[in-house]
1. Modelling each spin label as a point 7 Å along the Cα-to-Cβ direction, I'd like the THR53/SER219 distance in nm, to one decimal.
2. Near the amide H of PHE281, under 5 Å away, which other amide H atoms are found, from residues 5 or more places off or on another chain, if H is placed in the peptide plane?
3. What length, rounded to one decimal in nm, is gained on full extension from ARG72 through to PHE307, with 0.36 nm per residue of separation minus their alpha-carbon distance?
4. Only Lys, Arg, Asp and Glu count, each charged at its Cβ (+1, +1, -1, -1), so figure out the dipole size of segment 228-354 about its Cα centre, rounded to 20 debye.
5. Where the centre of each part is set by its Cα atoms, how far does segment 200-268 sit from segment 28-56, in angstrom?
6. Using R₀ = 41 Å, calculate the FRET efficiency as 1/(1 + (r/R₀)^6) where r is the Cβ-Cβ separation of LEU327 and SER245; round to 0.05.
7. Count neighbours as other Cβ atoms within 10 Å of each site's Cβ, and list the trypsin sites (Lys or Arg not before Pro) in segment 128-237 that are DSSP loop with at most 11 such neighbours.
8. For the chain, build the convex hull from the C-alpha positions and give me its volume per residue in Å³.
Amino acid sequence: MELTLERVDKQVGAAHHLYPIDLRLQPNAVTVLLGATQAGKTSLMRLMAGLDTPSHGQVRVDGRDVTGVPVRDRNVAMVYQQFINYPSMTVADNIASPLKLRGGLDRAAIDHQVQALAERLHIDPFLKRLPAELSGGQQQRVAMARALAKGAPLLLLDEPLVNLDYKLREELREELVALFAGGESTVVYATTEPTEALLLGGYTAVMDAGELLQYGPTSEVFHRPRSIRVARAFSDPPMNLLPASHTAGGVQLAGGPVLPVALANDARASSLTVGVRAPAFRVTGRPGDLTLPGQVELAEISGSDTFVHVHTAVGEVVAQLTGVHVLDLGSNVTLYLDPAQAYVFDAAGDLLVAPAGRN
């Protein structure tokens with residue numbers, strides 16, 4: 001199924017929920033809508049589903065204008081942050097309901113599909129229970145199973161894992177990747193988490209404050225963010241952004257070293273920003289590295305990584321170091337950076353240079 005949005009926007013009174021958006025989703029693939037809370041992800045999904053009508057523009061499905069066609073007249077499945085189940089039906093009957101409506105399947109085939117989905121979503125022990133007897137996370141998984149059972153050509157998932165505990169969220173992400181791999185539906189998955197986009201997304205649409213900033217293959221958007229706004233949305237922890245200027249040897253960090261980066265003539269006069277993702281910093285040097293001495297302001301161990309906040313001459317930076325590092329507050333530390341891993345943005349925040357091999 002091919003879903004196309006042509007200059008769609010959404011206004012409620014004087015408030016702009018969405019600014020004009022042109023977007024053609026890659027058919028039968030996963031598109032992740034990535035952005036912070038209130039970026040416009042849910043508003044956009046509601047237009048895709050037919051729950052809302054755009055203030056302007058058109059929504060097309062396989063070339064046919066469906067603008068204003070209500071959701072009940074479209075073959076769409078949607079899962080919200082807040083689960084919705086039939087309270088008087090068992091878990092098994094909830095999952096089976098779209099299969100029964102579709103018709104053409106006998107009871108044995110329906111039971112087989114229900115069991116298979118329940119196992120993949122870890123709710124098979126609860127098939128005979130009512131939704132009210134389940135935890136919130138379990139009820140959300142029932143809602144996901146029912147949506148997947150529908151087999152709709154368009155599947156919309158609005159942060160469906162946000163209310164689940166961390167371990168289960170990790171397990172289900174992997175399951176969803178496998179479930180979506182068949183390419184039988186066009187899937188749109190909204191999230192605030194860059195790591196989730198990297199894991200799930202064949203394609204990613206980055207949104208901010210009601211605007212679509214960039215759309216393309218996930219790896220391309222991650223490695224070549226079109227602007228600082230995209231880089232901020234697609235970095236966790238946020239990309240380090242450091243003021244810089246052009247110099248004879250390349251790009252000089254304010255109060256710091258020079259990155260040997262060649263710029264086009266028209267970019268040399270403007271003020272610049274150097275972007276460095278937190279994992280690019282190291283505490284062991286290699287030939288050709290830039291050095292940033294500083295003082296430790298905070299060191300946090302999270303899982304197998306250590307996040308170190310460092311005060312340097314070029315500004316406050318966050319380094320994500322692999323492994324457990326014990327660093328005392330106020331102690332001196334030197335961060336090392338391969339200059340080929342740095343981004344350069346112009347005064348308008350547009351990308352000028354991406355890390356080596358990403359151009």
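The values are calculated or read from the model by the stated rules, or taken from the named source; none is laboratory data. Only a predicted model underlies this, so the values are computations on that prediction, with no experimental measurement involved. Please note: Cβ atoms are built from the backbone with ideal geometry, for glycine as well, and neighbour counts cover all protein chains shown. When the accessible area is computed, the model is the full protein with side chains, heavy atoms only, and any ligands, DNA or RNA have been set aside. Shrake-Rupley method; radii C 1.70, N 1.55, O 1.52, S 1.80 Å.
1. About 4.4 nm separates the two model spin labels.
2. When sequence neighbours closer than 5 places are left aside, the close amide H contacts are GLN320.
3. Details: separation 235, 0.36 × 235 = 84.60 nm, distance 4.78 nm.
Here the answer is 79.8 nm.
4. Details: 6 positive and 11 negative charges, 45 e Å.
Approximately 220 debye in magnitude.
5. Taking the Cα centre of segment 28-56 as reference, the centre of segment 200-268 is 25 Å away.
6. Rounded to the nearest 0.05, the efficiency is 0.85.
7. Answer by residue number: LYS128.
8. Given the Cα convex hull of the chain, per-residue volume reads 171 Å³.
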